[in-house]
Amino acid sequence: MKNYEVTLSIPVYNVEKYIHTALFSALNQNFESIEFLIVDDKGTDRSMELVNEIVTTHLRKNDIRIIDNLVNKGLSECRNIAVREAKGKYLYFMDSDDEIVPECISILHKRILETDADMVVGSYVRKKENKVVSKDWVYEDMFTGFSDGLKKLYLSRKLRKVHTPLWNKLYNLDFLRRNEILCAPQTRLVDDMYFTFLVMWNIKKLCFVSDITYLYYERSGALTDMRIKKNDKHSRIASEGMCIIDLKKKFLFKTTDPIIQSLLSDYIIREILFLASVQCSYRLPLRNKIESIDRLLKPFERCTGKYKIIYSILCSLFPVFKYIVVSSFIKIKKLIHA
């Protein structure tokens, strides 16, 4: 069995318009020791037909491995399959409708060897479908390694640099497996939330790279385009998000550090308020919105119904208020614990 330095994982599902560009950007890496792990999630278009055409003729065809899911399992399970099946020392995720620069893996691999980091995070560019640059997300070159300090910075939101999506990060695969870091099962719209939380809970060494290594495309109809989501998708995001919050709450009992316990409690409340704002952002009768907010805030039993109703009504009447609520988290926290 061939040994690889890096496994580059690409999930494939209904991306026939983009897979050619995405896959060639991966195969054109100037780094040699890469296993290309393609997870076929059983879409209904010609995506895999195009993949197979490329695989049979490309010079790196012997380094390409395809895993057939047999049935559609969703993005979270595709990510988990990559963690379980990868043969490389390091793991890199990319989406099948984006691109990476030819030097991507070389740059990130060099830094992870130099720093012995658990994860190296690359900079990226956001692009519109018409190729116009929407926003550059460029990090400063930085290495940090101070155990629980990283956890505290992340939970307190002082370490804002780490983007939630799993792509454009090179992970030490042993670190992921040793800490049992996987996406939450049965999540299709927020698959990266729990995975990134587990990474930041366990990480000891973290590195950022200023080089732009990833091109992220904002495409109409994409899961990450919040503006075009239908009502049921908003509801699913809130529902999946609450399942993930339930998993995170268990970590309150996995630490005896009172500072971390307090930070984690605050962190969870902020996420609940965000999910409440998602519920209020689509068209539903006011009564349904109040019921949704009530369900989201239910874990905090000491909160009186009056505050739940006031909060949901304000969110309904003033869309901007939900952002004020999240940014003014400390005031809301006092109400919740009143």
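Residues that are among the hydrophobic types (A, V, I, L, M, F, W, C) and modelled with pLDDT of 80 or more were ranked within the stretch 254-292; the one that is surrounded by the fewest Cβ atoms within 10 Å (Cβ to Cβ) is ILE259. Taking the conditions (1) exposed (fewer than 13 other Cβ atoms within 10 Å of the Cβ); (2) among the acidic types (Asp, Glu); (3) modelled with pLDDT under 85 in turn, ASP141 satisfies each one other than (3).
For TYR217, indicate whether it is among the hydroxyl-bearing types (Ser, Thr, Tyr), modelled with pLDDT of 80 or more and closer than 30 Å to ASP98 by Cα. Write out each step before concluding.
Numbers: among the hydroxyl-bearing types (Ser, Thr, Tyr): yes; modelled with pLDDT of 80 or more: yes; closer than 30 Å to ASP98 by Cα: yes.
Yes.
Please determine whether any residue of the stretch 61-74 is under 19 Å from the mean Cα position of the chain (by Cα) and either at pLDDT below 95 or surrounded by fewer than 17 Cβ atoms within 10 Å (Cβ to Cβ) (or both). So far as the stretch 61-74 goes, yes, one or more of its residues are under 19 Å from the mean Cα position of the chain (by Cα) and either at pLDDT below 95 or surrounded by fewer than 17 Cβ atoms within 10 Å (Cβ to Cβ) (or both). Does the stretch 46-56 include one or more residues that are crowded, with 16+ Cβ neighbours inside 10 Å, within 30 Å of TYR194 (Cα to Cα), touching a Leu at 6+ places or on another chain (Cβ under 6 Å) and touching a residue at least 40 places away in the same chain (Cβ under 8 Å)? Among the residues of the stretch 46-56, not one is crowded, with 16+ Cβ neighbours inside 10 Å, within 30 Å of TYR194 (Cα to Cα), touching a Leu at 6+ places or on another chain (Cβ under 6 Å) and touching a residue at least 40 places away in the same chain (Cβ under 8 Å), which makes the answer no. Residues that are aliphatic (A, V, I, L, M), modelled with pLDDT of 90 or more and in a helix (DSSP H, G or I) occur at least once in the stretch 191-198. Screening LEU108, LEU113 for residues that are in contact with a Gly (Cβ under 8 Å, 6 or more places away or on another chain), assigned to a helix (DSSP H, G or I) and at pLDDT 95 or above leaves exactly one candidate, LEU108. Tell me which residues, restricted to the stretch 24-50, are touching a His at 6+ places or on another chain (Cβ under 9 Å) and closer than 23 Å to TYR217 by Cα. PHE24, LEU27, LEU50 - these are the residues of the stretch 24-50 that are touching a His at 6+ places or on another chain (Cβ under 9 Å) and closer than 23 Å to TYR217 by Cα. For first residues located in the stretch 93-117 and closer than 26 Å to LEU182 by Cβ and without any contact (Cβ under 8 Å) to a residue 60 or more places away in the chain, partners that are surrounded by fewer than 23 Cβ atoms within 10 Å (Cβ to Cβ) and among the hydrophobic types (A, V, I, L, M, F, W, C) and lie 6+ apart or on another chain with Cβ distances below 9 Å do not occur.
Go through LEU206, LEU150, LEU166, LEU173 for me and flag whichever is touching a Gly at 6+ places or on another chain (Cβ under 9 Å), under 23 Å from ARG270 (Cβ atoms) and either outside the structural domain of LEU264 (by TED's automatic domain parsing) or at pLDDT 90 or above (or both). I'd like the intermediate steps shown before the answer.
Details: LEU150 fails: touching a Gly at 6+ places or on another chain (Cβ under 9 Å); LEU166 fails: touching a Gly at 6+ places or on another chain (Cβ under 9 Å); LEU173 fails: under 23 Å from ARG270 (Cβ atoms).
Being touching a Gly at 6+ places or on another chain (Cβ under 9 Å), under 23 Å from ARG270 (Cβ atoms) and either outside the structural domain of LEU264 (by TED's automatic domain parsing) or at pLDDT 90 or above (or both) holds for just one of LEU206, LEU150, LEU166, LEU173, which is LEU206.
The values are calculated or read from the model by the stated rules, or taken from the named source; none is laboratory data. As the structure is a computational prediction, the values presented were derived from the model and not from experiment. We place every Cβ from the backbone using ideal geometry, glycine too, and count neighbours over all the protein chains shown.
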